[in-house]
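One structure below.
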Amino acid sequence: MLPPRSLVRTAAVGLVLSLGAVPAVADASTRASAKRHAKRVQARTAADDSCFSQHTWGTAGAITQACVARDGNLASLLTQSSNQLGDDGGEGYVLCEGTAMRAWEAGTYGEGGLGPATVSQPNGAGTLPLLIVRTTSDKVARISQRYALDPAGRSITITMTVKNLTAQDRTFGVIRSADVDTDGKGSDDVLALTPDSAIMLGNATAAVSLTSPSATSGNWAHAPVAQGFSTWNATGKSSCALPAAPATLPTGVGDWVLRVRSTMGETTGFASRTQSFRYGVM
């Protein structure tokens, strides 16, 4: 357990995603495969969001702890004040083809369109390197997530490589989301947006940002998004459609979800794309 503390400084949590792209359906066999896949894109009833690999870094007074779930999403992000993801997690992503959802992962809130995870952790439990790989149920894309810590910056970087497993050119987009509950509370947050980041402001003791730094391969564009928790939980967690921006920013006090969408350019058959996302805890 982390020692209680009333004031927390910002840490950066980075996630790098490499993406392959998704094509239009070209022939009858591809359409049939797409229909079969659509039937499999169903939310699971019991998500595997428990802590699989725990990592702690930093010095006294500035300790950060992250738990990675076996499926590859963050199960928790702890500072001295509390778990900034709350008790129910809710961190993950949507893999998109245009505005169409191909697969999604939202921790305890479910997932769809993804096969089981395979894990490589050669140095044993709670160590790095850590590689978690999942393939979409239609065998179109393989998503690999790698993790690295930065003690000086209080950051964790997740490198996500999405590989196009087909010969067809495809274009993927990813929306990364986190149901952030600063100080462990889900009703006292204010959401602000910048050109690069979505920022959750807590009740004077914590704030969390989600940023998409530069991609490491290919062209890309990204956009921070504001969405309330109830809408995200009902439809947004598995949707590639972006909500309209709130009428006023920063928002009023409420329960919000951080979201950033990254769009990659066309990817040729069997190629990959890479993109980064960063969480910062203040």
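For segment 211-241, how many residues are at pLDDT 85 or above and within 19 Å of L85 (Cβ to Cβ)?
Quick first cut of segment 211-241, residues at pLDDT 85 or above only: 223-241.
Then keep just the ones that are within 19 Å of L85 (Cβ to Cβ); that gives 224-233, 236-238.
Total meeting the criteria: 13.
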*Please list, ordered by first then second residue, the pairs with beta carbon atoms under 6 Å, 6 or more apart or interchain, first in segment 73-86 and on the phi > 0 side of the Ramachandran plot, second surrounded by fewer than 21 Cβ atoms within 10 Å (Cβ to Cβ) and assigned to a loop (DSSP other than H, G, I, E, B).*
G86/G186
*Taking segment 183-203 on its own, how many of its residues are farther than 18 Å from W232 by Cα, of a type in the set (D, E) and either surrounded by fewer than 17 Cβ atoms within 10 Å (Cβ to Cβ) or at pLDDT 90 or above (or both)?*
1
*Read through the list (1) within 14 Å of the chain's Cα centre (by Cα); (2) under 25 Å from H222 (Cβ atoms); (3) assigned to a strand (DSSP E or B), then give the number of the only condition that C67 fails.*
(2)
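Tell me the residue from A167, A152, A103, A125 that is part of a strand (DSSP E or B) and among the hydrophobic types (A, V, I, L, M, F, W, C), please.
Values: A167 fails: part of a strand (DSSP E or B); A152 fails: part of a strand (DSSP E or B); A125 fails: part of a strand (DSSP E or B).
Every option except A103 fails the conditions.
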*asked:* Looking only at segment 145-161, count every residue that is farther than 17 Å from C67 by Cα and at pLDDT 85 or above and tell me the total.
replied: 1
_I'd like the full set of residues that are open to solvent by less than 40 Å² (accessible area, probe 1.4 Å), within 21 Å of T274 (Cβ to Cβ) and among the charged types (D, E, K, R), limited to segment 102-142._
R102, E105, R134
*What number of residues in segment 241-268 are open to solvent by 30 Å² or more (accessible area, probe 1.4 Å) and in contact with a Ser or Thr (Cβ under 6 Å, 6 or more places away or on another chain)?*
3
*Which members of segment 112-122 meet the condition of being of a type outside the set (V, I, T) and either in a strand (DSSP E or B) or in contact with a strand residue (DSSP E or B) (Cβ under 6 Å, 6 or more places away or on another chain) (or both)?*
G112, G113, L114, G115, A117, S120
*Taking T182 as the residue in question, decide whether it is β-branched (V, I, T) and closer than 29 Å to K139 by Cβ.*
no
*asked:* Suppose we keep only residues that are surrounded by fewer than 21 Cβ atoms within 10 Å (Cβ to Cβ) and hydrophobic (A, V, I, L, M, F, W, C) within segment 53-73. Which one would you say is nearest to T135 (Cα to Cα)?
replied: W57
*Determine, yes or no, whether L78 is among the aliphatic types (A, V, I, L, M), in contact with a strand residue (DSSP E or B) (Cβ under 9 Å, 6 or more places away or on another chain) and either open to solvent by 50 Å² or more (accessible area, probe 1.4 Å) or at pLDDT below 90 (or both).*
yes
*Which residues, taken from segment 81-100, are open to solvent by 10 Å² or more (accessible area, probe 1.4 Å) and either in a helix (DSSP H, G or I) or β-branched (V, I, T) (or both)?*
T99
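The values are calculated or read from the model by the stated rules, or taken from the named source; none is laboratory data. If you're wondering where the values come from, they're calculated on a predicted model, not measured in any experiment. Ideal geometry is used to build each Cβ from the backbone, glycine not excepted, and the neighbour counts take in all protein chains shown. To get the accessible areas, we keep the full protein, side chains included, count just its heavy atoms, and leave off ligands, DNA and RNA. Shrake-Rupley method; radii C 1.70, N 1.55, O 1.52, S 1.80 Å.
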